[in-house]
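The values are calculated or read from the model by the stated rules, or taken from the named source; none is laboratory data. Predicted, not measured: the structure shown is a model, and the values here were computed from it. Here Cβ is always computed from backbone atoms with ideal geometry, including for glycine, and neighbour counts include all displayed protein chains. Areas reflect the complete protein model, heavy atoms only, side chains present, ligands, DNA and RNA absent. Shrake-Rupley method; radii C 1.70, N 1.55, O 1.52, S 1.80 Å.
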Amino acid sequence: QVQLVESGGGLVQAGGSLRLSCAASGSVFSINALGWYRQAPGKQRDLVARLTRGFSTTYADSVKGRFTISRDNAKNTVYLQMNSLKPEDTAVYYCAADLPSGRSWGQGTQVTVSS
């Protein structure tokens, strides 16, 4: 079992920046990848960025060049640095851990970008 706790969401003006954090605890040695997903009202939950154990990264086309995913292994924490934010980035952002048994999710953190 892995527990994930996100933090760092909030309200920001368009063009601004936020950094999300996700602290993992429990069986962290079993994590194959950590990722960030987002879900806007009435829409499906989509991948934003993902970082594998081997440090391979994947980004949604809409965030390439603006968002950066990184990991601090000593703190078992994954970050999402979000720059040049746009109103369309407004969503609940979820941290997820890919495990041999499936995927674990955090509780989500709201990001709101005002125009």
Residue 85 neighbourhood, Cβ < 13 Å, K/R = +1, D/E = -1, net charge +2
Residues with amide H under 5 Å from that of residue 90, placed H, sequence gap 5 or more: 113
Percent relative contact order for segment 49-90, counting Cα pairs under 8 Å at least six residues apart, stands at 29
Calculate what fraction, in whole %, of the accessible area of segment 1-52 sits on carbon and sulfur atoms when a 1.4 Å probe is rolled over the protein chains. 50
Find how many whole Å separate the alpha carbon centroid of segment 70-107 from the alpha carbon centroid of segment 12-30. 5
When the charge dipole of the chain is computed with +1 on Lys and Arg Cβ and -1 on Asp and Glu Cβ about the Cα centre, the Cα farthest towards its positive end, among 37, 112, 11, belongs to 37
Computed lengthening from residue 45 to residue 110, 0.36 nm per intervening residue step minus Cα-Cα distance: 22.1 nm
Contact order relative to length for the chain, counting C-alpha pairs under 8 Å separated by 6 or more residues, stands in percent at 37
With every protein chain kept in place and a 1.4 Å probe, segment 40-90 has an accessible area per residue in Å² of 58
Charge dipole (debye, nearest 20) of the chain; +1 at Cβ of Lys and Arg, -1 at Cβ of Asp and Glu: 100
